[in-house]
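The values are calculated or read from the model by the stated rules, or taken from the named source; none is laboratory data. Predicted, not measured: the structure shown is a model, and the values here were computed from it. Cβ atoms come from the backbone with ideal geometry, glycine included; neighbour counts cover every protein chain shown.
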Amino acid sequence: MRTRFFETEDERNRFIKNFSREIVQHGEEVYKFDKNRMRRWQEADLIAPDVDPVELARHWVATHESAQLVTLKDGVARFLKELELAGRTKEYRAHVREYLKRFVSEFGEAHVSAITSTQVSDFIHALPFSAITKRHARSGIVSAYKWFVKQGWAEKNPAAAVPVPKVDLAEPGILSVEETERLFRANEAEDPEICGLLALGAFAGMRASAIARLESTELDFASKAILTPASKTKKGRRHYMEGLPGNLWAWLERTPKTAFKMEPRTLATRRENAFRRAGLLVTSEDAKRSHVQPKAPPKNCLRHSFVSYHVALHRDPGRTALLVSHKDQSILWNHYLGVAKREDAERYFAILPTAAAVQVG
């Protein structure tokens, strides 16, 4: 190991050059062998020649008594830190943290390897949430345990064996064509900034959280497309939308760039005021003063309206699913197809700024 002879000087120089490159690439530790440990590795290889030694080590850690020292509380804290280091969005981390925080409050001092599928199942079904939220909670626990298993803290994922809660999706709440037009007409001269941001929901199907993070440079007017970087999407994947309706770009062309610098809280307030101007939102305070009933638009109504009218217009759920970043077409087929009529969809995507409003903008 320490001495080597060469027949020629050139042969020696070539070895030195290659050896130096290996040292730089792998470090000196690669060449510091412990003979006794090497013999033990050779014996292990004879016993199980087809087994990856790293997998053997992980199995040992998972089953060894010292692995039981990792509590769920500590494991979750390290997992959440790992999500941050991996670049997962702040919104995603906040959702996962909320579910895991409840899980830790129930089993925090237990070792991650000691928690059973039955305990996870009982915890999820006891949550005071809707089925869709319970499904998200299960997903968060599954993700955490996948990481725990990789660390060797648990031998298996107990949450993976828990059935996914069944979700009976209600029919999506949408705005009628008349309500949508009233929303834009009531605000196009009063607040041109909010109209452009509302159009991104109504005519591109973007989520409110994604609109709040959108920058004007991400709008490609030449190609009529929107590029959302992976760091800004709900699922952490780059999203490119093209083939969006023409009326969207008509609204965006008259939208001041200052609209895309609006703080999320300001955006929420301006959005609420826009719905109030159109008579689509009547708060409890307004209802008392006017002696009418409180009123609110359906949740996520702009995104749901876009999906419903887009499916009705094109009769192609796959095309719509691609725009709104759905992994498959099943939800669109089962819950959006037939919600709106084609003739209404044609009117919906013909809602354009008025000439007077364009001049004002």
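Take the residues of segment 104-122 that are of a type in the set (D, E, K, R) and out of contact with any strand residue (DSSP E or B) (no Cβ under 9 Å at 6 or more places or on another chain): which is surrounded by the fewest Cβ atoms within 10 Å (Cβ to Cβ)?
So, considering only residues that are of a type in the set (D, E, K, R) and out of contact with any strand residue (DSSP E or B) (no Cβ under 9 Å at 6 or more places or on another chain), the one surrounded by the fewest Cβ atoms within 10 Å (Cβ to Cβ) is D122.
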Taking the condition of being modelled with pLDDT of 90 or more and in a loop (DSSP other than H, G, I, E, B), how many residues in segment 201-221 meet it? 7
Selected residue (only one of A340, A356 is assigned by TED's automatic domain parsing to the domain that holds L248 and modelled with pLDDT of 80 or more): A340
Here the residues within segment 128-168 that are surrounded by fewer than 17 Cβ atoms within 10 Å (Cβ to Cβ) and in contact with a Lys or Arg (Cβ under 7 Å, 6 or more places away or on another chain) are A131, V164, V167
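Would you be able to say whether some residue in segment 268-288 is polar (S, T, N, Q) and either at pLDDT below 90 or closer than 25 Å to S325 by Cα (or both)? Working first, answer last.
So the first thing to find is which residues in segment 268-288 are polar (S, T, N, Q), and the list is 269, 273, 283-284.
Now drop any that are not either at pLDDT below 90 or closer than 25 Å to S325 by Cα (or both), which leaves 283-284.
So far as segment 268-288 goes, yes, one or more of its residues are polar (S, T, N, Q) and either at pLDDT below 90 or closer than 25 Å to S325 by Cα (or both).
Restricting to segment 79-100, count the residues that are without any contact (Cβ under 8 Å) to a residue 24 or more places away in the chain and either surrounded by 14 or more Cβ atoms within 10 Å (Cβ to Cβ) or farther than 23 Å from E155 by Cα (or both). Give the derivation first.
The initial filter retains those residues of segment 79-100 that are without any contact (Cβ under 8 Å) to a residue 24 or more places away in the chain, namely 80-81, 83-86, 90, 93-94, 97-98.
Narrowing the set further to residues that are either surrounded by 14 or more Cβ atoms within 10 Å (Cβ to Cβ) or farther than 23 Å from E155 by Cα (or both) leaves 80, 83-86, 90, 93-94, 97-98.
Residues flagged as without any contact (Cβ under 8 Å) to a residue 24 or more places away in the chain and either surrounded by 14 or more Cβ atoms within 10 Å (Cβ to Cβ) or farther than 23 Å from E155 by Cα (or both) within segment 79-100 amount to 10.
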(1) surrounded by fewer than 17 Cβ atoms within 10 Å (Cβ to Cβ); (2) in contact with a Ser or Thr (Cβ under 9 Å, 6 or more places away or on another chain): which one isn't true of S290, the others all being true? (2)
